[in-house]
Amino acid sequence: MTELNPPAAEAVPDWPHLDHHGHNPEAGGDAAVSRAVAPLQEIPDLPVADHPERFAQMHDALLEALNSEPAVNEQTAQDPANDAPRPGGR
């Protein structure tokens, strides 16, 4: 009988590109988010059974970053562009 589907090639995940500090330069530069997702670098080396725990830790760190007050530096506070109305009234 002829095989209907060709043999599947080994799946290769597309891991995010992080610098040597664990920051994703494409993530917008939020330090709290970069710290929260830094453990993504370790995922390829971990046993699959350990992935859920690591993802849960990153999820909790991202929630903490989301719920924290944003850091405002003096330059950001003085920039008139930051006073412009934002979508959703924020």
Please enumerate the residues belonging to the stretch 28-69 that are open to solvent by 50 Å² or more (accessible area, probe 1.4 Å) and in contact with a Gly (Cβ under 8 Å, 6 or more places away or on another chain). R35, Q41
May I ask you to list the residues in the stretch 41-55 that are in contact (Cβ under 8 Å) with a residue 12 or more places away in the chain and either touching a Leu at 6+ places or on another chain (Cβ under 7 Å) or not in a helix (DSSP H, G or I) (or both)? Q41, R54
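The values are calculated or read from the model by the stated rules, or taken from the named source; none is laboratory data. No experiment lies behind these values; they were computed from the predicted model shown. FYI the Cβ positions are ideal-geometry reconstructions off the backbone, even for glycines, and counts take in every protein chain you see. What goes into the accessible areas is simple: the full protein's heavy atoms, side chains included, and nothing from ligands, DNA or RNA. Shrake-Rupley method; radii C 1.70, N 1.55, O 1.52, S 1.80 Å.
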